[in-house]
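Trainee: Below: one structure in structure tokens.
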């Protein structure tokens, strides 16, 4: 079970940095970063890919709405109340759905390892 928690927390941490990492990558592509920053760029790119792959997996396993909710919560760092209001559901309903989606995505990996 700790594998689930670790992967879920890693996703949340990477998602919080996603927009910043995307800007860093754009700056590099525009030639605004030094060549010595390429090692940093490798980490940035890897982190971005992890978030994008996880969001794609959420969409595949849970649907487009699930992907959008997770994006709004973790990448855009919006509040649960705000997102729940936008989807016209209660915060409790959002939390229940979010837990189900995260379990679907991150616990599937644990099942495959067993």
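The values are calculated or read from the model by the stated rules, or taken from the named source; none is laboratory data. As the structure is a prediction and not an experimental result, all values here were calculated from the model. Reconstructed Cβ throughout: ideal geometry from the backbone, glycine too, with neighbour counts over all protein chains shown.
Trainee: Determine whether segment 6-15 contains at least one residue that is touching a helix residue (DSSP H, G or I) at 6+ places or on another chain (Cβ under 9 Å), assigned to a helix (DSSP H, G or I) and either modelled with pLDDT under 80 or farther than 30 Å from residue 107 by Cα (or both).
Mentor: no
Trainee: On to the next question. Out of all the residues in segment 21-77, which are without any contact (Cβ under 8 Å) to a residue 40 or more places away in the chain, closer than 23 Å to residue 101 by Cβ and part of a loop (DSSP other than H, G, I, E, B)?
Mentor: 63 - this is the single residue of segment 21-77 that is without any contact (Cβ under 8 Å) to a residue 40 or more places away in the chain, closer than 23 Å to residue 101 by Cβ and part of a loop (DSSP other than H, G, I, E, B).
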